[in-house]
Amino acid sequence: MLDKLQAIEDKCCELENMISDPSVMANMTEWQKHTRAHAKLIPVVTKFREYKKVLEGLANTREMLKDELDAELKEMAEAEEKELKAEQAVLQDELRILLLPRDPNDDKSVIVEIRGGAGGDEAALFAGDLFRMYTHYAESKGWRTELLDANAPDLGGFKEVIFVVDGDGAYSRLKYESGVHRVQRVPTTEASGRIHTSTVTVAVLPEAEEVDIDINPTDLKIDTYRASGAGGQHINKTESAVRITHLPTGTVVTCQDQKSQLKNREQAMRVLRARILEMAQEEQHASVAEERKSQVGTGDRSERIRTYNFPQGRVTDHRIGLTLHKLDFVLNGDLDELLDALITAEQSMRLKQAE
């Protein structure tokens with residue numbers, strides 16, 4: 001491990017020299033590429049330098065213990081050695097985590113699809129709650145959100161809503177949200193006060209660039225039609241809605257949220273690329289699917305991952321058995337405690353697999 005870490009530190013120093021070189025700075029594309037590469041290495045190098053200082057401290061303390069010390073000095077040196085050993089063990093674990101292979105999609109922005117499941121109107125209302133939860137979380141991280149398409153029933157919420165979360169590392173955190181979210185509460189329309197259980201499906205897809213996935217235009221069937229739902233006179237007069245079918249896979253994407261047919265087509269293509277990329281990656285990883293299963297689940301949309309219980313004010317993530325009695329905070333976008341626990345569980349599992 002030390003040889004690998006030293007090689008990373010050497011590469012980091014090399015990149016530091018390059019990004020301060022005037023000839024490299026003159027080429028903005030090249031400079032930005034080296035700057036991004038350098039930024040990715042900094043967390044590992046910083047931790048490695050801490051680790052080397054601890055090793056140096058241990059070596060010095062052990063040298064002291066070889067000398068003839070009086071009882072008080074020896075006791076102090078032994079206590080210091082014990083502390084440094086504990087710090088060394090912690091840093092070793094942190095470095096192992098930093099050296100784990102990264103998900104190539106972690107730096108990508110995401111397309112989030114939320115759909116009401118079992119529960120009819122109540123499911124649609126909760127889909128609206130989840131949409132607000134994710135947009136508030138994105139705001140807290142400084143990420144930008146953009147609505148791509150929505151199907152909103154008269155009673156409120158969404159039968160389906162698709163939106164982009166654009167920001168560094170969005171996928172690295174939001175990918176844990178894929179699956180079935182269950183809500184238990186008394187609907188506003190329930191006169192008897194009986195608790196209902198409804199479900200909402202969330203899919204989090206890394207946004208695919210054109211370079212990530214090659215879609216042949218001849219494989220696309222594109223239909224236009226008049227958008228439905230609220231929207232005023234524009235809705236009735238123009239065929240702005242777009243439906244794109246990817247013939248080889250049968251994937252269908254519709255978009256009608258924008259007034260411009262061209263804009264709806266662009267938005268639909270963003271969703272289509274993300275879905276096809278996800279299908280390609282799932283196929284690629286199918287042979288190791290069992291190995292990928294862990295405490296944090298498979299990410300399968302059919303898997304129930306979390307329950308939001310309103311009467312008891314609690315949220316339970318079933319993948320790691322974590323219950324938080326802070327439902328209001330979570331629904332207001334305070335997701336870090338949940339997501340940090342899921343990330344820690346996955347890292348622990350991957351470390352065990354790497355041993």
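Restricting attention to the stretch 21-43, the residues that are within 20 Å of D10 (Cα to Cα) and either assigned to a loop (DSSP other than H, G, I, E, B) or of a type outside the set (G, A, S) (or both) add up to 14.
Restricting attention to the stretch 176-188, does a residue exist that is under 29 Å from Q347 (Cβ atoms) and part of a helix (DSSP H, G or I)? So far as the stretch 176-188 goes, yes, one or more of its residues are under 29 Å from Q347 (Cβ atoms) and part of a helix (DSSP H, G or I).
Among the residues of the stretch 277-308, the one identified as of a type in the set (A, V, I, L, M, F, W, C) and at pLDDT 85 or above is I305.
For every residue, the table says whether it meets (1) among the charged types (D, E, K, R); (2) under 29 Å from T188 (Cα atoms); (3) in contact with a Leu (Cβ under 6 Å, 6 or more places away or on another chain).
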residue	(1), (2), (3)
L84	no, no, yes
V90	no, no, no
L100	no, no, no
D106	yes, no, no
V112	no, yes, no
D121	yes, yes, yes
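All of (1) modelled with pLDDT of 85 or more; (2) in a helix (DSSP H, G or I) hold for R96 with one exception: (1). Restricting attention to the stretch 146-174, the residues that are charged (D, E, K, R) and surrounded by 21 or more Cβ atoms within 10 Å (Cβ to Cβ) total 2.
The values are calculated or read from the model by the stated rules, or taken from the named source; none is laboratory data. Quantities reported herein were computed from a predicted structural model and do not represent experimental measurements. Here the Cβ is made from the backbone with ideal geometry for all residues, glycine too, and neighbour counts use every protein chain on show.
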